[in-house]
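**Student:** Before we start, here is the structure in question, set down as structure tokens.
The values are calculated or read from the model by the stated rules, or taken from the named source; none is laboratory data. A quick note: this is a predicted structure, and the numbers were derived from the prediction, not measured. A quick note on method: Cβ atoms are made from the backbone with ideal geometry, for glycine too, and the neighbour counts reach across all protein chains shown. Heavy atoms of the whole protein, side chains included, go into the accessibility calculation; ligands, DNA and RNA do not. Shrake-Rupley method; radii C 1.70, N 1.55, O 1.52, S 1.80 Å.
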Amino acid sequence: MLAALASAGLNSASLWANEVNIYSARQEELIKPLLDKFSADTGIKVNLITGNADELITRISSEGRNSPADLLLSTDVGRLARAKEQGILQQVSSNILDSQIPAALRDPAGLWFGLTVRARPILYVPTKVDPSELSTLADLTSAKWRGRICVRSSNNIYNQSMVAALIAHDGVAVSEQWVEGLVRNLARPPRGGDRDQIKAAAAGVCDIALANTYYLAGMLADARDKADAEKVAVFWPDQAGRGTHINISGAGVAAHAPNQANAIRLLEYMVQPAAQQWYAEANHEYPVLADVAISELLKSFGDFKADSLELSKVAELNAEAIRIMDRARWR
Ligand code: FE
């Protein structure tokens, strides 16, 4: 009897160890202060492993049932969907998560949840382009933009998700024509990251760049890049129609999470208004929660209508998007 109790006690001690293990593709400085606050508020110790998203997914997968991972954090829906496909996430049902996060920004089965919104508008050089010339993403294939657009490589998941959203709306044939048209209008073969496209526009290489807004905001907030960033302005495409393409950073609970309850508790913590405001602002992103204040810097980019497409559809179409981009030789 005593032995049974002692062993039950031991089991529950290891089952309910007050910690949570995060595998994060998000830079440590963009999440650590929030995790410290979570630990201070709840007494739950957070162990953070930071790395490349694909490597973390492979690691959880190869660790299998013995994986210590409780939560996988990623900065694009495409990666979360890959994790789901590989069976390394588990279904979570939480009234808090379901009521706070718009349905389009979470997996319908509860395998991943959006925690911040990232927008990918058109950035233009006001001395070269009048905003009245801009309208939709579709219009970027027009002959007037020949040799005037900068965008990074098709290897990049942000572009893959953008094309996947296009496929979800317009189908494969129309999307393929769009990708061909975009490639035709590029000012140079794709190279560098989103920030490099903004710098190229500032340097006169192109008149339009496609980039996520947090890169522009980050440059505006950095004395070294401010002058370049100030040479471009934000145009929100598709405002009369479907809205501007958005993506998420988000997380899912690992399939074999040893601290499942703590992982869910952390997710729920991250969608509280104060956490949302901090977490979104740390990387100049938008909260997933309506009615949470955004920074003055983001306000300066103006309000916009976001595409309400379910991001799970974007994730499902990732492979199709890559095929189209390859065929059109978007390098
Ligand atoms: Fe990024």
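**Student:** Could you quote the convex hull projected area for segment 157-260, Cα atoms only and averaged over all directions, in nm²?
**Tutor:** On the way: hull surface 39.7 nm².
That works out to 9.9 nm², a quarter of the Cα hull's surface.
**Student:** In segment 186-278, carbon and sulfur make up what percent of the accessible area (probe 1.4 Å)?
**Tutor:** Details: 1660 of 3330 Å².
The computed percentage sits at 50.
**Student:** Angle check, please: helix 157-184 long axis (alpha carbons) against the longest principal axis of the chain (alpha carbons), in degrees 0 to 90, nearest 10.
**Tutor:** That helix lies at roughly 20 degrees to the long axis.
**Student:** Sticking with this structure for a sec: Report the percentage of all Cα-Cα pairs in segment 191-234 whose separation exceeds 15 Å, rounded to a whole percent.
**Tutor:** Working: 256 of 946 pairs.
Roughly 27 percent, once rounded to a whole number.
**Student:** A further question follows. Of the listed pairs LYS128/LYS231; LYS144/LYS305; LYS84/LYS305, which have alpha-carbon separations greater than 22 Å here?
**Tutor:** Exceeds cut-off: LYS144/LYS305; LYS84/LYS305.
**Student:** So what is the relative contact order of the chain, in percent, for Cα pairs below 8 Å that sit 6 or more residues apart?
**Tutor:** Numbers: 604 pairs, mean separation 96.4, N = 331.
It rounds to 29 percent for the chain.
**Student:** Assuming R0 = 35 Å, what is the FRET efficiency of SER153 and ASP98, from their Cβ-Cβ distance, to the nearest 0.05?
**Tutor:** Values: r = 36 Å, r/R0 = 1.04.
Approximately 0.45, to the nearest 0.05.
**Student:** Right, here's the next one. Three principal axis extents, largest first, for the C-alpha atoms of segment 25-132, in Å?
**Tutor:** Largest to smallest, the principal-axis extents are 57, 34, 30 Å.
**Student:** Gap in Å between the Cα centre of segment 212-238 and the Cα centre of segment 130-167?
**Tutor:** 17
**Student:** Same structure, new question: In vacuo Debye scattering of the chain, one point per C-alpha: log10 I(q)/I(0) at q = 0.13 Å⁻¹?
**Tutor:** -0.97
**Student:** Hey, could you get me the Stokes-Einstein D for segment 115-208, Kirkwood radius over alpha-carbon pairs, 37 °C and 0.692 mPa s, rounded to whole µm² s⁻¹?
**Tutor:** Working: Rh = 13.8 Å.
Rounded, D is 238 µm²/s.
**Student:** Roughly how large, in nm² to one decimal, is the mean projection of the convex hull of the alpha-carbon atoms in segment 12-83? Walk me through the intermediate numbers first.
**Tutor:** Working: hull surface 21.0 nm².
If you wrap the Cα atoms of segment 12-83 in a convex hull and average its projections, you get 5.2 nm².
**Student:** Let me ask you something else. Can you give the calculated 222 nm mean residue ellipticity of the chain, where each DSSP H run of n ≥ 4 adds -39,500 (n - 2.57) and the sum is split over every residue, rounded to the nearest 500 deg cm²/dmol?
**Tutor:** Numbers: 14 runs with 142 residues, N = 331.
So the calculated ellipticity at 222 nm is -12500 deg cm²/dmol.
**Student:** Let me ask something additional. Can you give me the accessible area per residue for segment 106-147, using a 1.4 Å probe, in Å²?
**Tutor:** Values: 1490 Å² over 42 residues.
Per residue, segment 106-147 has 36 Å² of solvent-accessible surface.
**Student:** Do me a favour and compute the ellipsoid semi-axes for segment 235-331 from its Cα gyration tensor, root of five times each eigenvalue, largest one first, whole Å.
**Tutor:** Those come to 28, 24, 11 Å.
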